[in-house]
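Take a look at the structure set out below.
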Amino acid sequence: MSYTITLHPSGHTYPCSADTPILKAGLDTGLFMPYSCRSGVCRTCRGRVVSGEVDYGGVHPNYLSDEDKAEGLALLCCAKPLGDLVVEVNELDPQDAIKSKFMPCRVLKMEPVSDDVMIVTLGLPMNEPTLFRAGQYLDILRPDGTRRSYSIANVPSNDGVRQVELHIRRMPGGKFTEHVFTAMKLREIHRIEMPLGSFFLREDSDAPIVMLASGTGFAPIKSLLEQTLQRGTRRPITVYWGGRTRADLYMASLAESWAATHDHITFIPVLSNATDACAWTGRTGFVHQAVMEDFPDMSGVQVYACGAPIMVESARHDFTTACRLPEDAFFADAFLSEADRNGLPQA
Ligand SMILES: Cc1cc2nc3c(=O)[nH]c(=O)nc-3n(C[C@H](O)[C@H](O)[C@H](O)COP(=O)(O)OP(=O)(O)OC[C@H]3O[C@@H](n4cnc5c(N)ncnc54)[C@H](O)[C@@H]3O)c2cc1C
Ligand code: FES
């Protein structure tokens, strides 16, 4: 059974079968709606059902409450149509959409940069160009049918790229990252889907930019920032990078070099658990709180945040409630794991 979805206010329409999530059917037809986790947790894909009925797709009440449903809200990565629908959504320009593709890739390089972070370079097929937007992520498809998402840290090219760089943090007990740190071999072949997500720079604005990363959340921030340098963007950019200890800021010298060579870039590293061994004289505490100290009024800035779900959610909540950041000026990818998806609420 197929129904018609009409997006409001654009008026775009597309077919969607009763067993397909509304987001997936829209992306498959070339439209572009915001999304990140595609598993009913991050709420990036939230839309309002203006008319018609949906099956909410079993989203946990922490992420879609009964009050949300009463207001017509649904998470479009999970919700399926029960009839024709009109859905209000912050649609992105379909011209910005790059259709994701499945492809094989090969491990070309593995560089441990701290006790628990590995930079892995994957070689992509040479026969056709692989496109993505700075900030987007890819999925590694595991043999057991599960997926793991990783942000792409290098800069895209209009001609397509032949390699992607990933920053992977070891998660104790984690299926894929334990493999990366204990068994992964050079030339090993994996299957991936890319590019994914809507975390990329909104270039229709002159607003100063705050970039905010925790841990390996630095990966897409590196891609975004290096792309602004390539394009000669002059918007003021303040990059905050938070870690527990100095070792977590595994590319601090790169970020320092951006700031040292460009007047419009400021880099502020922040440690939450500095030890004597860190010999740290810089900022301390939670990274999003450092941003709030420096930007008590965020009404005129755009924020790009990436990394631990707790950091992303605290930043979204505190910036929009205490610092007047408009909700539509906050862009994020929360690095959700299976633990987050299986009932350990992030908010
Ligand atoms: C959009 C996006 C981008 C991301 N980008 C990055 C990135 O650039 N770099 C990065 O390091 N990470 C990134 N992540 C996180 C990444 O996708 C993985 O979740 C992470 O690497 C852990 O994978 P894993 O297979 O090792 O662990 P998993 O097997 O997923 O396990 C993770 C943790 O959960 C526990 N666990 C497993 N199953 C369950 C369960 N059923 N219930 C409760 N606990 C459970 C495990 O013991 C472990 O501690 C991103 C995530 C998203 C959504
Ligand atoms: S909740 Fe739908 S994309 Fe994350």
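Here, each number is a calculation from the coordinates, and none is a lab measurement. Quantities reported herein were computed from a predicted structural model and do not represent experimental measurements. As a convention, Cβ positions derive from the backbone with ideal geometry for all residues, glycine included, and neighbour counts pool all protein chains shown.
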Open item on the list: Please compute the volume of the convex hull spanned by the alpha-carbon atoms of region 155-275 and report it per residue in Å³.
Closed with: 151
Task: CD proxy at 222 nm, helix term only [per DSSP H run n ≥ 4: -39500 (n - 2.57); per residue of the chain; nearest 500] - done: -5500 deg cm²/dmol
Task: Phi-based couplings in Hz for region 142-153 (Karplus 6.51, -1.76, 1.60; Gly and Pro marked x) - done: 7, x, 7, x, 7, 10, 10, 9, 9, 6, 8, 9
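Please give the charge dipole size of the chain, origin at the Cα centre, charges +1 on K and R Cβ atoms and -1 on D and E Cβ atoms. Round to the nearest 20 debye.
Charge dipole, the chain, about its Cα centre: 1040 debye, nearest 20.
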Task: Residues of region 218-239 with amide N under 19 Å of a point placed 7 Å along Cα→Cβ from Glu293 - done: 238-239
TODO: Report, for the chain, the % of DSSP beta bridges that are antiparallel, rounded to 5.
DONE: 60
Open item on the list: I need the fraction of alpha carbon pairs in region 95-243 separated by more than 23 Å, rounded to a whole percent.
Closed with: 37
Open item on the list: For Gln163, what residues show an amide H to amide H distance below 5 Å, using hydrogens built from the backbone and excluding near sequence neighbours?
Closed with: Leu124
- [ ] Two decimals is fine: what's Rg over Rh for the chain, C-alpha atoms, Kirkwood radius as Rh?
- [x] 0.96
TODO: For helix 252-261, report the angle its Cα long axis makes with the longest principal axis of the Cα atoms of the chain; keep it between 0 and 90° and round to the nearest 10°.
DONE: 90
Task: With Cα atoms, 0 to 90° folded angle of helix 309-322 axis to the chain main axis - done: 80
TODO: List the extent of the Cα atoms of region 2-95 along each of their three principal axes, largest first, rounded to whole Å.
DONE: 33, 25, 23
Open item on the list: Give me a comma-separated list of calculated 3J(HN,Hα) values for region 11-23, in order, Karplus coefficients 6.51, -1.76, 1.60 applied at θ = phi - 60°, integers in Hz, x for any Gly or Pro.
Closed with: x, 4, 10, 7, x, 8, 6, 5, 9, 10, x, 4, 5
- [ ] Between the alpha-carbon centers of region 240-295 and region 5-22, tell me the distance in whole angstrom.
- [x] 43
TODO: Whole number please: convex hull volume per residue, Cα atoms of region 249-347, in Å³.
DONE: 132
Open item on the list: Need one number for region 134-205: average projected area of the convex hull over its C-alpha atoms, nm².
Closed with: 6.2
